[in-house]
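Undergrad: One structure, pasted below without further comment.
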Amino acid sequence: MTGRAWAYLGTALGGLGSLAANVAHCYIPPTGAPASWRPEVGAVLSAMFWPIAVFIAVEILVRTVWPAGWWWRLARFAGLLPVALVAAVVSYRHLSGLFRHYGEDPLTATLGPLAVDGLMVMAAAALLAAHPRTPKAPDVEEPLPEPLPEPRPALHVVGAIPSGVVR
């Protein structure tokens, strides 16, 4: 299997693992909840949002060919990094809480979530590294150069006078 295929597999495995763990976390009943307790639909849907937001933010950051300039750099990082960071922190906390609920030791509950979301992020970066960017086409079309004039046939006979020429 190629490195690119492994990167796709890592992106899918990390993304699906994070999605499943975030959803599973919302099924942990609150302390003192009745046996009939079930999470609300909104809790399940919002649990799905966090890993998807991490994935999309990373994809936008690395795959978009951003114009040059400090304003675009500011828009890129000041706009997307907070979104990615908040989504990553919430996803991390959901995964860590799930690991603690399942009785994992403190080290696993602390480091395990980094491997799940980290796999998705690093596999996406590997896909970018495996596919070189194509330069962005300019927004304004440049005019085509003027066509060259048609070449004139050369006279090959020395001393011959072309027809239609008067001496």
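The values are calculated or read from the model by the stated rules, or taken from the named source; none is laboratory data. No experiment lies behind these values; they were computed from the predicted model shown. Here the Cβ is made from the backbone with ideal geometry for all residues, glycine too, and neighbour counts use every protein chain on show. Note: accessible area is taken over every heavy atom of the protein model, side chains too, but ligands, DNA and RNA are not part of it. Shrake-Rupley method; radii C 1.70, N 1.55, O 1.52, S 1.80 Å.
Undergrad: Taking region 29-50, which residues are loosely packed, with under 15 Cβ neighbours inside 10 Å and outside any helix (DSSP H, G or I)?
TA: Listed by number, the residues that qualify are PRO29, PRO30, THR31, GLY32, ALA33, PRO34, ALA35, SER36, TRP37, ARG38, GLU40.
Undergrad: Please determine, by comparing only the residues of region 95-121 that are touching a residue at least 12 places away in the same chain (Cβ under 8 Å) and open to solvent by 40 Å² or more (accessible area, probe 1.4 Å), which one is nearest to the chain's Cα centre (by Cα).
TA: The extreme case among them is VAL121.
Undergrad: When you look at ARG63, is it loosely packed, with under 14 Cβ neighbours inside 10 Å and in contact with a helix residue (DSSP H, G or I) (Cβ under 7 Å, 6 or more places away or on another chain), yes or no?
TA: yes
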